[in-house]
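Participant: The following block contains the structure, expressed as structure tokens.
Just so it is clear, none of the values below were taken in a lab; they were calculated from the coordinates. The structure presented is a predicted model; accordingly, all values stated were derived computationally and were not measured. Backbone-built Cβ (ideal geometry, glycine too); neighbour counts: all protein chains shown.
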Amino acid sequence: MGIQVTDLHMLRDQLVVRRQKLETAVARTETANLLQLLEQVDRALERVDHGSYGVCEVCKTSVEAERLFADPLTEICLDCLKPSEQRALEQDLNLAARIQAGLLPKRGFSAAGWNVAYHYEPAGQVSGDYFDYIKVDDERLGVAIADVSGKGIPASLIMAICRSVLRSQAIGNPSPADVLQKVNRQLYPDIKEDMFISMAYLVLDHARSAVTLARAGHDAPLLYRAKSKTVEQLKTPGMVVGIDSGDVFDRLTTDVAVELEAGDCILLYTDGITEALDNEGNEFGLERTTAAFRSSAKEGAQAMVNRLIDDLRNFVGSTPQNDDITLITIRKT
Ligand SMILES: [Zn+2]
């Protein structure tokens, strides 16, 4: 898809500013590199004025909008790049994937009466899914799961910002709702109109055998009760992060505390699971998710993960994965 008129104005402004900076730099030290850049900016501004900005110089189709945002001087669409240029892009993407992998927990968690496991599987090289364990204080562990709208590099950038903000707010704060409210206020100005983040954040209280949960528009976590062998949805109120500056978000988002007994389990997941499709276009759905969760709950956190992923794989068969998949299982021991 090509770029919008409002984006075009924004990119033009950026180009004008860049031109001024370059002119100043050229005036100081006239180097071939700077002069070449200045020429590129002038060419881009010319294309804006002639209405041909964002059109591939080679094949005359639209240049990918996200590449123009990353570099307003882009003149050629992806398909028309030289093999060496395509390889360079590929290397950037590999590096981004490695950096992102470093931002996620490396293993499950087993301590202080809790057994936690996870499965994380991006659909592409980088992902908009995010999950984390955060030590709130000596008595509490925070567990977060989030899904950034969209995919690829833009979603992974927002994911990285979200992680930093959540981590800085979560430490020392036992109220998930308060943490999410602060995260939303801090992220709102940085998120573009068409993006948002759904999140569920819960705090495990070691001493009280309880969990406190708040939800920002994320799929409701599932709670398995060992005594009754039943599963319920933890539907706490709330809205997604990034679309309200704070007043409405704060009013809606509240903490819900749940007491847990030994053997009780919680499942957090992103919609990459429930919305996974088989080759006839049917969704895996909440019912199959719930059934897999219930039938494996007594076997522990890792067994629940394995069962869910097995059932999902059997269901989708050879249909390619089209969304990031993250799930976290928590068992009170
Ligand atoms: Zn082209």
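Participant: Can you name the residue in region 93-109 that is under 30 Å from residue 264 (Cβ atoms) and free of Cβ contacts under 8 Å to residues at least 24 places away in the same chain and is also farthest from the ligand (Cβ to nearest atom) among such residues?
Facilitator: If we take residues in region 93-109 being under 30 Å from residue 264 (Cβ atoms) and free of Cβ contacts under 8 Å to residues at least 24 places away in the same chain, then 107 is farthest from the ligand (Cβ to nearest atom).
Participant: Those residues that are under 25 Å from the mean Cα position of the chain (by Cα), assigned to a helix (DSSP H, G or I) and away from the ligand (no atom under 15 Å from the Cβ), I need them from region 68-92; list them, please.
Facilitator: Correct list: 69, 70, 88, 90, 91, 92.
Participant: Sticking with this structure for a sec: Which one of the conditions (1) part of a helix (DSSP H, G or I); (2) within 16 Å of the ligand (Cβ to nearest atom) does residue 22 fail to meet, given that it meets all the rest?
Facilitator: Unmet condition: (2).
Participant: Take region 48-67 and flag every residue that is within 14 Å of the ligand (Cβ to nearest atom) and hydroxyl-bearing (Ser, Thr, Tyr).
Facilitator: 52, 61, 62
Participant: Now a separate question. Please count how many residues of region 93-125 are part of a loop (DSSP other than H, G, I, E, B) and either of a type outside the set (A, V, I, L, M, F, W, C) or in contact with a Leu (Cβ under 7 Å, 6 or more places away or on another chain) (or both).
Facilitator: 9
Participant: Also, quick follow-up: Which of the residues belonging to region 259-270 are buried (at least 18 other Cβ atoms within 10 Å of the Cβ) and not in a loop (DSSP other than H, G, I, E, B)?
Facilitator: 265, 266, 267, 268, 269
Participant: What are the residues in region 254-269 that are among the hydroxyl-bearing types (Ser, Thr, Tyr) and out of contact with any Asp or Glu (no Cβ under 9 Å at 6 or more places or on another chain), if any?
Facilitator: 254
Participant: How many of the residues making up region 93-141 are surrounded by fewer than 16 Cβ atoms within 10 Å (Cβ to Cβ), more than 16 Å from the chain's Cα centre (by Cα) and over 30 Å from residue 78 (Cβ atoms)?
Facilitator: Of the residues in that region, 10 qualify.
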